[in-house]
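Asks: I have a structure here, written as structure tokens, and I will follow up with some questions on it.
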């Protein structure tokens with residue numbers, strides 16, 4: 001099996017027990033956010049990065065993402081959320097308005 005940010009590809013037949021929950025969750029996240037991937041959402045397993053050019057756009061994008069999660073009955077701990085950041089460490093990189101750099 002292999003993963004890309006656009007989907008998870010694996011054998012058509014699964015054993016009797018659930019064997020790869022992280023990959024299945026990644027596939028679910030990619031399917032529910034497919035329309036918004038690389039527009040204002042990046043998903044990596046259970047991390048969701050919402051990015052925007054302005055605070056107004058960010059509020060709209062965040063509302064869309066949270067509404068999708070609510071509709072799909074997916075929940076997260078509010079203590080793990082971080083909102084309205086000027087820069088964020090994500091997958092070994094620092095993402096900010098200045099661009100993307102390696103996380104030292």
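The values are calculated or read from the model by the stated rules, or taken from the named source; none is laboratory data. On a predicted model such as this, the values are computed, not experimentally measured, just so you know. With ideal geometry, Cβ positions are generated from the backbone for all residues, glycine too; neighbour counts draw on all protein chains shown.
Asks: Would you confirm, using the coordinates I've provided, whether residue 24 is part of a helix (DSSP H, G or I) and at pLDDT 85 or above?
Replies: Judged against the criteria, residue 24 is not a match.
Asks: Can you confirm whether residue 75 is over 21 Å from residue 25 (Cα atoms) and either over 12 Å from the mean Cα position of the chain (by Cα) or in a loop (DSSP other than H, G, I, E, B) (or both)? I'd like the intermediate steps shown before the answer.
Replies: Values: over 21 Å from residue 25 (Cα atoms): no; either over 12 Å from the mean Cα position of the chain (by Cα) or in a loop (DSSP other than H, G, I, E, B) (or both): yes.
No: the conditions fail for residue 75.
Asks: So, one more: Quick one: which residue in 100, 68, 94 is more than 17 Å from residue 7 (Cα to Cα) and in a helix (DSSP H, G or I)? Give the derivation first.
Replies: Numbers: 100 fails: in a helix (DSSP H, G or I); 94 fails: in a helix (DSSP H, G or I).
Selected residue: 68, the only one of 100, 68, 94 that is more than 17 Å from residue 7 (Cα to Cα) and in a helix (DSSP H, G or I).
Asks: Would you mind telling me which numbered condition in (1) within 23 Å of residue 6 (Cα to Cα); (2) in contact (Cβ under 8 Å) with a residue 24 or more places away in the chain; (3) loosely packed, with under 11 Cβ neighbours inside 10 Å residue 84 fails?
Replies: For residue 84, the exception is condition (1).
Asks: From the list 85, 12, which residue is outside any helix (DSSP H, G or I) and either more than 30 Å from residue 104 (Cβ to Cβ) or at pLDDT 90 or above (or both)?
Replies: Values: 85 fails: either more than 30 Å from residue 104 (Cβ to Cβ) or at pLDDT 90 or above (or both).
None of the other options fit; the residue is 12.
Asks: Still on this structure, please answer the following. Looking only at segment 36-48, which residues are buried (at least 16 other Cβ atoms within 10 Å of the Cβ) and in a strand (DSSP E or B)?
Replies: Once the filter is applied, which keeps residues that are buried (at least 16 other Cβ atoms within 10 Å of the Cβ) and in a strand (DSSP E or B), segment 36-48 yields 41, 42, 43, 48.
Asks: A further question on this structure: Could you figure out which of (1) over 17 Å from the mean Cα position of the chain (by Cα); (2) at pLDDT 90 or above isn't true of residue 53?
Replies: Every condition holds for residue 53 apart from (2).
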